[in-house]
Every structure is written in C-alpha cells, then in structure tokens.
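Asker: Quick one: the structure is below, questions incoming.
Please treat every number below as a calculation from the coordinates, not as lab data. Here the structure is a predicted model, which means the values were calculated and not measured. Note that each Cβ is placed from the backbone with ideal geometry, even for glycine, and that neighbours are counted across all protein chains shown.
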Amino acid sequence: MFSFKNFLKGSAFILSILFLILLVTGISYYAIDYVQKKNNLMDIEEYSPIASLVVDENIVKKSKYPFIDVHSHQWDMSYSNLKKLVSEMDSLNMAYMINLSGSGFGTFLGNQALMDKNLEKSLSNVKQNYPERFGVFVNIDFKKIDDDNFAQNSVKIIENAVNQGVIGLKVYKDLGLSIKDSSGKRVKVDDPRLSPIWEICGKLKIPVLIHSGEPSPFFDPIDKYNERWLHARQKPGSFRPPEKFPSFKTVMSEQSNMFEKHPNTTFINAHMGWMANDLDALGKHLDKFPNVYTEIGAVIGELGRQPRRARQFFLDYQDRIMFGKDTYKKSEFDVYFRVLETSDEYFDYYRKRHGLWKMYGLNLPDEVLKKVYYKNALKLFPNINVKMFQ
C-alpha cells in the first residue's frame, strides 16, 4: 500500500544511486583528463601547432582582378536586403555573384509553388536593387520524375524562368545519390527521362551547373587510412557507405555518359568534378567533353597541396576553369586568393576537416588569373556587363 514515508525512502534511495553514478562518472572524467594531461595526450581536433618555419606570408584580402563567383548559395535572396552583401562583395573585388539556389528550400520540400514564389521574389529583389551584380539559377524537383508530364512541366518551368531573367540551371547532388523513383530505384544521373531538361537548356543557351557525387574518400571505408577521417567524425552524414549508395565510379560514369549524350548543352562540372585530387583524370575528362567547363568551389584545398601540378593544370586548361566558392563566407575568400595569386608556402586551409595538410600558392600568370576570375564566365553569361571588368 502506498505511503508517503515509503515514497520518501524510495526517492532517497534513487537519489543516492544517481549521486553515486554522477560521482563515479565525475571521478572517471577527472582521472582521464589528468592522465591525458600528464602524458601530453590530446584529440586531433585540439592539435593546432604553430609552425616554426619562417617563410613569406602574403595575406590577400582582395583579389587582384574583379571576379565572378559562379557558385554561391544565397538562400534568403527572396527577402534579404542586398546592400550589406554588395558591400562585402566590393571589399573582396567580387563584381558579380551567381546564386545557384534561386528556387530556395522548396526544392528539397517538393513544393513547386514555394519554389516558383521564391524564384520570382529573388529575381524581383535583384532587378529592383542590383540588377548588374547578381545572376540567378533555377532548380528542378527531380523527385517528381514519375509525375504525369514531368518532362513537359520541367521544360515549361525552365522556359518561364529564363523569360523572367534566370541565367542557368543548378542540379543538386541528390540526383544520382539519394533520389528514387516510385519503384524504389535510384534515379541515375543519365536517366533518359531527364534528357528533355538538358536539351531545353542547350536550346535556350543556358549552362547547367551540376554537382554529382562527393569527394572520393567519402565513399571509402572510414578507417585510419582515410584522409578525410576527421570529416567523417564531425559530419558522418556526408559519407556514402556502399550498402546505401552507389560507388564513386558509378556516379561519375553516369555523369560522363550524360555529358556525352548532350553535346549541344553546356555543363559546368561543379567542384572540379571531384577530380581535383586526380588532375590527370580531370584533364582527360575535359579533353573528351568540349561542352564541359569546371569551377574550383570547395576544392581549393586540393589544389593548394599540389602547387606544381595544379599550376600546370591551370596553364593547360586555362580556358575551361572558373572561380567558384560554394558556401558564402567573406572571411574564407582570402585563402582562395592566396592560393591562386601568391607563391606562399606552408599555410593553413580554413577548415581542418577538409584536409590535415598545408597549402602552397600557385602564383598564376595574370592572363590566366583574368580567365579564371572573369573571362571564362563572361563567355557563358553574356548578360553580365563587361564594363565592370575593364
């Protein structure tokens, strides 16, 4: 039978047990911390050595020439005050920014009405305030691939978007990785049901910037041999285990097959096609597909660790590479400028999990810099005012 006295006794016992557990846990953590400090042990995330190496240090806060960022994401463009962003762009010498996320988060929610509204408002915000500083891309919801008239509706969305002022189509990485059709099958990058989309972009002369796959180590076992192990620890959802995803080779082969089938469409292979760690392969890729360009968003760390090979690659393919950053953060652009413009040695990337190595400058010739910064992009986007670069 319940009694308040028995309840108090039981509660006291439980509290005593909890206190004992907390005490033991606290002592254990203290002991571990003491042993670590005594033996000079630390986690790799904590280890941040200051190099004793004395070398030139040229921090570049502003690019040598005005540049076009062909790979940016401004999710709030439909309602944000663009004045602050333009001020930051001016301080970086960024003449023009392309917002690849024109249709907004509605793309991932599968809400076409929301996508249309976001695109309309983003374009309106640009036109009313800074029409010469921004370009906007449209997005397609590929999860609707089994809908009646999917191809016809997608073509219409693109045509309407271009009539409104859109200058390209951005394809997110879920195509080829996680999107499935109604039968449960993965939608491949080269799925023939998508061909009308690529064809209309070619007809309208707008480029398709496509992100396929992930860095190749993301598909490898997460063990001591994986150079992106720290990334897996901090962002485990970024990795692609074989029991859930296709292999890196499979996704890249599908993408190449799609490029080959649509020679009249211009493609921008995002992130150097995740081949910045294998520039011989990327060179062969560009040789095979004259309709493909690439950009350096999120892979400057790969280029900076192989300065001699990367510099030669930029010289060899100077007409096919453009500047891109991906996630917009003003404080991170200086690393891009430093790699591209200087001969600096042994400096850090801004995010440890992207690579536990040091970087070196490529010291690119002025004419190559101009092509990477703006000339190559001007070839693909004739709407951009060339006077900003004279």
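Asker: Once you've got the GNM for the chain with C-alpha springs shorter than 10 Å, pick whichever of I222, I158, I300 has the biggest mean-square fluctuation.
Answerer: I222
Asker: Mind putting a number on the dipole of segment 307-350 about its Cα centre? Charges go on the C-beta only, +1 for Lys and Arg and -1 for Asp and Glu, and I need it in Debye to the nearest 20.
Answerer: Roughly 120 debye for segment 307-350.
Asker: In terms of Cα to Cα distance under 14 Å, which aspartates and glutamates are near enough to K358, apart from those fewer than 8 places away along the same chain?
Answerer: Answer for K358, where 14 Å is the Cα cut-off: E57, E227, E302, D344, E345, D348, listed by chain and number.
Asker: Which of the lysines could a cross-linker span from K261 if the Cα-Cα distance has to be under 16 Å and same-chain partners fewer than 8 positions apart are dropped?
Answerer: Hits, sequence-local ones excluded: K188, K203, K288.
Asker: Further question on the same structure: Points 7 angstrom from Cα along the Cβ direction at V54 and L23: gap in nanometres?
Answerer: About 5.7 nm, to one decimal.
Asker: What does the charge count near A310 come to, summing +1 for each Lys or Arg and -1 for each Asp or Glu among other residues with Cβ under 13 Å from its Cβ?
Answerer: Every neighbour counted, the sum reads 0.
Asker: Under 5 Å between amide H atoms, partner at least 5 residues away or on a different chain: which partners does V171 have, H built in plane at 1.01 Å?
Answerer: Answer set, sorted by chain and number: L209, I210, H211.
Asker: Could you tell me which residue out of Y360, W274, F289 lies farthest along the dipole of segment 265-380 toward its positive end? Charges go on the beta carbon: Lys and Arg +1, Asp and Glu -1, centred on the Cα centre.
Answerer: Final value for the positive-end residue is W274.
Asker: Given axes a ≥ b ≥ c from the Cα gyration tensor, I'd like to know whether segment 261-345 is rounded (a/c under 1.5), prolate (a/b larger than b/c) or oblate.
Answerer: The shape class here is oblate.
Asker: Summing +1 for each Lys or Arg and -1 for each Asp or Glu, what net charge is found among the other residues whose Cβ lies under 11 Å from the Cβ of W274?
Answerer: -2
Asker: Would you mind checking the tilt of helix 279-288 against the longest principal axis of the Cα atoms of the chain, expressed as 0 to 90 degrees and rounded to 10?
Answerer: Orientation of helix 279-288: about 30 degrees from the principal axis.
Asker: With a cut-off of 8 Å between alpha carbons and a minimum separation of six or more residues, what is the relative contact order of the chain in percent?
Answerer: It rounds to 17 percent for the chain.
Asker: Fully extended, how many nm does the chain gain between E132 and M42 (0.36 nm per residue separation, minus their Cα-Cα distance)?
Answerer: In short, 27.3 nm is gained.
Asker: Tally the DSSP beta bridges in the chain and give the antiparallel ones as a percent, rounded to 5.
Answerer: Beta bridges within the chain, antiparallel portion: roughly 10 percent.
Asker: Can you give the charge dipole size of the chain about its Cα centre, rounded to the nearest 20 debye, using +1 on the beta carbon of Lys and Arg and -1 on the beta carbon of Asp and Glu?
Answerer: So the magnitude is around 560 debye.
Asker: Another question about this same structure. Please check the chain for the longest run free of GluC sites (Glu not before Pro) that are loop-located per DSSP (anything but H, G, I, E, B) and have at most 15 other Cβ atoms within 10 Å.
Answerer: Formally, the longest exposed-site-free interval is 244-344.
Asker: If you look at just the Cα atoms of the chain, how large are its Rg and its Dmax in Å?
Answerer: Using the Cα atoms of the chain, the pair Rg, Dmax is 25.2, 91 Å.
Asker: Simple spin-label model, 7 Å along Cα-to-Cβ: D90 to K62 in nm?
Answerer: Roughly 1.1 nm, to one decimal.
Asker: Volume per residue, Å³, of the convex hull around the alpha-carbon atoms of segment 27-161?
Answerer: Cα-based convex hull of segment 27-161, divided per residue, equals 235 Å³.
Asker: Under a Cβ-only charge scheme (Lys and Arg +1, Asp and Glu -1), can you give me the dipole magnitude of segment 30-170 about the Cα centre, in debye to the nearest 20?
Answerer: Charge dipole, segment 30-170, about its Cα centre: 400 debye, nearest 20.
Asker: Are there any trypsin sites (Lys or Arg not before Pro) in segment 228-315 that are in a DSSP loop and have at most 11 other Cβ atoms within 10 Å? List them by number.
Answerer: Those that pass, being in a loop and sparsely packed, are K244.
Asker: Compute and list, largest first, the equivalent-ellipsoid semi-axes of segment 169-220 from the alpha carbon gyration tensor, each √(5λ) rounded to a whole angstrom.
Answerer: Square roots of five times the eigenvalues give 22, 16, 7 Å.
Asker: Lys and Arg at +1, Asp and Glu at -1: add these up for the other residues within a Cβ distance under 14 Å of I50 and post the number.
Answerer: My count for the surroundings of I50 gives -2.
Asker: For the pairs K244/K375; K61/K156; K173/K352, note any where the Cα-Cα span goes beyond 31 Å.
Answerer: K244/K375; K61/K156
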